[in-house]
1. Quick one: in the stretch 32-68, of everything that is within 26 Å of residue 11 (Cα to Cα) and in contact with a helix residue (DSSP H, G or I) (Cβ under 6 Å, 6 or more places away or on another chain), which residue is surrounded by the most Cβ atoms within 10 Å (Cβ to Cβ)?
2. Could we say that residue 97 is surrounded by 13 or more Cβ atoms within 10 Å (Cβ to Cβ) and over 15 Å from the mean Cα position of the chain (by Cα) here?
3. Tell me which residues, restricted to the stretch 26-47, are assigned to a loop (DSSP other than H, G, I, E, B) and in contact with a strand residue (DSSP E or B) (Cβ under 7 Å, 6 or more places away or on another chain).
4. In this structure, does residue 73 turn out to be closer than 30 Å to residue 5 by Cα, loosely packed, with under 13 Cβ neighbours inside 10 Å and either in contact (Cβ under 8 Å) with a residue 12 or more places away in the chain or not assigned by TED's automatic domain parsing to the domain that holds residue 6 (or both)?
């Protein structure tokens, strides 16, 4: 867990074994700078999702990049979760994806 420690994540009471439990959920930090670690996502196969990942520059000054789940896989995960907010999120992601795909949109 050295990468999490170097990020400054509070690791008290967290064991490395917990990251292999697909039902685990870890949240570190607070919005807008927080992040979640989910060892598994319902409705998403990791290997397939990794092939569809989206790489983006997150710091133009240094060229630092990060990988993100594709819109397609995020929608699948939201639909599999099935909670009202997840369903609303899936709809919003679909609309945003369509908006970005239109010619002349930016």
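The values are calculated or read from the model by the stated rules, or taken from the named source; none is laboratory data. A quick note: this is a predicted structure, and the numbers were derived from the prediction, not measured. Please note: Cβ atoms are built from the backbone with ideal geometry, for glycine as well, and neighbour counts cover all protein chains shown.
1. 41
2. Working: surrounded by 13 or more Cβ atoms within 10 Å (Cβ to Cβ): yes; over 15 Å from the mean Cα position of the chain (by Cα): yes.
Criteria met by residue 97.
3. Taking the stretch 26-47 as the starting set, the residues that turn out to be assigned to a loop (DSSP other than H, G, I, E, B) are 29-34, 38-45.
29, 34 - these are the residues of the stretch 26-47 that are assigned to a loop (DSSP other than H, G, I, E, B) and in contact with a strand residue (DSSP E or B) (Cβ under 7 Å, 6 or more places away or on another chain).
4. Numbers: closer than 30 Å to residue 5 by Cα: yes; loosely packed, with under 13 Cβ neighbours inside 10 Å: no; either in contact (Cβ under 8 Å) with a residue 12 or more places away in the chain or not assigned by TED's automatic domain parsing to the domain that holds residue 6 (or both): yes.
No: the conditions fail for residue 73.
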